[in-house]
Amino acid sequence: MKINGSVALVTGANRGIGRHFAQQLLERGAAKVYATARNPERIDIPGVEAIRLDITDPEQVAAAAATASDVDLLINNAGIATWTNLVTGDLAKVRLEMDTNFYGTLSMVRAFAPVLGGNGGGAILNVLSAASWFSHDGANAYGTAKAAAWSLTNGIRLELAGQGTLVTGLHLGAADTEMMAGYDGDKGDPADVVRAALDGIEADKLEVIADEWSAHVKASLAADPSAFYTDLGRS
């Protein structure tokens, strides 16, 4: 997959990592970049074609696929974090996380798979998270939804292989974006995350691990969970 000359669509492109994707795609020579957001008037990137898109709205997803029928690179970046737990948290927020991070992403894939197939196969990048692989008290709805999106990514990779569509999963820890504004720990540069992701697409990688934390979390999956969750309360 070559970025230069490609036609890309980025969801959630009005801020954060999505905005960096749109900018860097243009810098790398993409022929056209559709930048989408629920409020496209907030997209201020010169050279993109702004589209209104809420990925939880089936009619808007279908309209986007009809408008952007020349796309050969789909960046599924739009997502939400409500900082909600599963047992006592607001169930409506838990459902919102799944509706956005899982079902919204799936809706985009289902709508754009025929478009990509018709344009030679192309590629899909799903923005996932290190939280696909671990749980954090206070944000368990997010981790659950991202874990589901990771499984989705692996599944659609198999289903779309026959039409020649590359499917890449991007995993990252905390990045310095508006979504993580309330987080006090170390945060990576979103520009570096996007650079690694686009390099990965051009190298036909199935997975891009953007930082050391994500690599550490993935490696922990092979060990006993008690080695990772060292603060579990026991009587």
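Values for this structure:
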| read-out | value |
| --- | --- |
| MRE, 222 nm, helices only [DSSP H, n ≥ 4, -39500 (n - 2.57), over the chain, to nearest 500] | -11500 deg cm²/dmol |
| Binned Cα-Cα distances of the chain, short to long, each 10 Å bin given as a whole percent | 8, 33, 38, 16, 4, 1, 0 |
| Given charges at beta-carbon only (K, R positive; D, E negative), |dipole| of the chain in Debye | 380 |
| Residues with amide H under 5 Å from that of Ala50, placed H, sequence gap 5 or more | Ala35 |
| Theoretical gain in end-to-end length, Arg15 to Asn85 [0.36 nm per residue, Cα-Cα removed] | 22.6 nm |
| For the stretch 151-164, 3J(HN,Hα) per residue [Karplus equation, 6.51 cos²θ - 1.76 cosθ + 1.60, θ = phi - 60°, Hz, x = Gly/Pro] | 4, 4, 4, 5, x, 5, 4, 5, 5, 9, 4, x, 9, x |
| Furthest towards positive pole of dipole, Leu9, Ala197, Val71, structure part the chain, Cβ charges | Val71 |
| For Val167, distant residues with modelled amide H under 5 Å away | Ile124 |
| Asn4-Tyr229 FRET efficiency (beta carbon distance; Förster radius 45 Å; 0.05 resolution) | 0.50 |
| Förster radius 30 Å - calculated FRET efficiency between Ala92 and Arg195, Cβ distance, rounded to 0.05 | 0.25 |
| Per-residue HN-Hα couplings for the stretch 212-229 [Karplus 6.51, -1.76, 1.60; θ = phi - 60°; Hz; x = Gly/Pro] | 5, 4, 4, 5, 5, 5, 4, 5, 5, 5, 7, 9, 5, x, 5, 6, 8, 8 |
| Lysine pairs with alpha-carbon atoms under 22 Å apart, the chain, spacing 8 or more or separate chains | 8 |
| ³J(HN,Hα), Karplus 6.51/-1.76/1.60, whole Hz, each residue of the stretch 25-40, x for Gly, Pro | 4, 5, 4, 8, x, 4, 5, 8, 10, 8, 9, 10, 6, 5, 10, x |
| Sparse-neighbour loop sites [chymotrypsin sites (Phe, Trp or Tyr not before Pro); the stretch 1-97; at most 16 other C-beta within 10 Å; DSSP] | Trp83 |
| Å² per residue, accessible surface of the stretch 1-119 at 1.4 Å | 46 |
| Computed over the chain: relative contact order in percent, which uses C-alpha pairs under 8 Å that are six or more apart | 18 |
| Distance between modelled label sites at Glu59 and Lys218, nm, 7 Å Cα→Cβ extension | 4.1 |
| Quarter of Cα convex hull surface for the stretch 189-233, i.e. mean projection, nm² | 4.2 |
| Exposure of Thr67 as accessible area (Å², to 10), given a probe of 1.4 Å and all protein chains | 80 |
| With every protein chain in place, the chain: carbon and sulfur % of accessible area (1.4 Å) | 50 |
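The values are calculated or read from the model by the stated rules, or taken from the named source; none is laboratory data. Just so we're clear, the structure is a prediction, and the values are computed from it rather than from any experiment. Every residue, glycine as well, gets a Cβ built from its backbone with ideal geometry; the counts of neighbours run over all protein chains shown. Side chains included, ligands, DNA and RNA excluded: accessible areas come from the protein's heavy atoms. Shrake-Rupley method; radii C 1.70, N 1.55, O 1.52, S 1.80 Å.
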